[in-house]
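Read the figures in this text as sums done on the coordinates, not as results from a lab. Since the structure is predicted, the reported quantities are computational estimates derived from the model, not experimental observations. Here the Cβ is made from the backbone with ideal geometry for all residues, glycine too, and neighbour counts use every protein chain on show.
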Amino acid sequence: MGILDRFDMHGQVAIITGAGTGLGKEMALSLADAGCDIVGVGRRREPIEEVGGLIRAKGRRYLGCHGTDVTNSAQVNAMVAAAVKEMGHVDVLINNAGGGPAGRGKTLPELTDEDWREGMDSNITSAFFCSRAIVPHMLERGGGRIINVTSGWGFRGGRNNFMYSIAKGGVVQLTKALAITYAQGNIRTACIAPGTFPPADNMERVAARGATQPSGRVGFPPEMGPLAVFLASPAADYLSGETVLIDGGAIASGLTPAGVVPRAEG
Ligand SMILES: NC(=O)c1ccc[n+]([C@@H]2O[C@H](COP(=O)([O-])OP(=O)(O)OC[C@H]3O[C@@H](n4cnc5c(N)ncnc54)[C@H](OP(=O)(O)O)[C@@H]3O)[C@@H](O)[C@H]2O)c1
């Protein structure tokens, strides 16, 4: 077997939450390039169907699960059941859906119960629900891979940045807990910590964000794909419980990038 054969994912099936846009879309396309069939999950129909068209054009099977809110455990359970039924089996789960809009710009006293729950639910409860739903199937099949997506904010404190950094720190710990609990069930768990990967729709903003980075530039979303393929593939069979930073050296610099910290005083 050649070294590149270890990255081959033909015959495998991956569920990717938030597959319709941004980093989730890039990971879905890269896994499909490596031979993997894809289950794309999200709430909106359009992005989930659009990425499905691109994946089918690569010759892969695709199941679009739009209308699935990963903060709703009943919807998550139904999505996993549909994935197993339609695709036959699931080998990989990528818990990518999430983001930072909940309570953005508010100080601590201004944050509502709903802000707190929204931020925690979308970034950590969602990964817990999806992992809980897929683990029995993976154990029955003799193993699988779960890849979580955290953020540089899972490692640093952020002024007036509560739910996002707290939840993303929890994602790192969820990765370790799953890895240790299911090591003997052959379920490998890993986590990706992206730095700054803004959409390329506003190049002025992209350049300004890049100037805050040690590398002098932001990450480009397609740069996430090869890391996701590595972690999902047999090439990473002895890697578990670990979080891999992909941030151009931002965390290594030990500094919070200027201009990224929310400015409001609490
Ligand atoms: N981009 C960055 O710079 C960066 C940096 C660090 C970490 N991250 C992390 O990387 C992940 C992807 O970020 P991104 O920048 O690619 O964001 P994005 O483009 O906003 O994509 C997020 C995706 O998740 C889906 N989603 C969000 N909440 C959901 C829910 N409750 N149920 C189902 N689907 C949901 C969205 O689709 P619907 O709205 O249709 O549901 C969307 O497709 C996130 O976890 C984010 O925190 C991103």
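Selection of region 11-66 for residues being among the acidic types (Asp, Glu) and either outside any strand (DSSP E or B) or farther than 22 Å from residue 227 by Cα (or both) yields 26, 33, 46, 49, 50. Within region 115-145, being more than 16 Å from the ligand (Cβ to nearest atom), crowded, with 20+ Cβ neighbours inside 10 Å and free of Cβ contacts under 8 Å to residues at least 60 places away in the same chain holds for 138, 144. Scanning region 4-30 for residues that are touching a residue at least 40 places away in the same chain (Cβ under 8 Å) and more than 16 Å from the ligand (Cβ to nearest atom) gives 6, 7, 8, 9, 12, 13.
Against the test of being charged (D, E, K, R), in contact (Cβ under 8 Å) with a residue 12 or more places away in the chain and within 14 Å of the ligand (Cβ to nearest atom), the options 188, 209, 205 yield a single qualifying residue, 209. There is at least one residue in region 81-89 that is within 16 Å of the ligand (Cβ to nearest atom) and buried (at least 17 other Cβ atoms within 10 Å of the Cβ). Under the condition of being surrounded by fewer than 21 Cβ atoms within 10 Å (Cβ to Cβ) and either within 11 Å of the ligand (Cβ to nearest atom) or under 23 Å from residue 230 (Cα atoms) (or both), the residues counted in region 154-168 number 1.
Could you grab the pairs with beta carbons closer than 8 Å, sequence gap of 6+ or different chains, first residue in region 57-76 and of a type in the set (D, E, K, R), second one crowded, with 16+ Cβ neighbours inside 10 Å and in a strand (DSSP E or B)? Qualifying pairs under 8 Å: 60/37; 60/38; 61/13; 61/37; 61/38.
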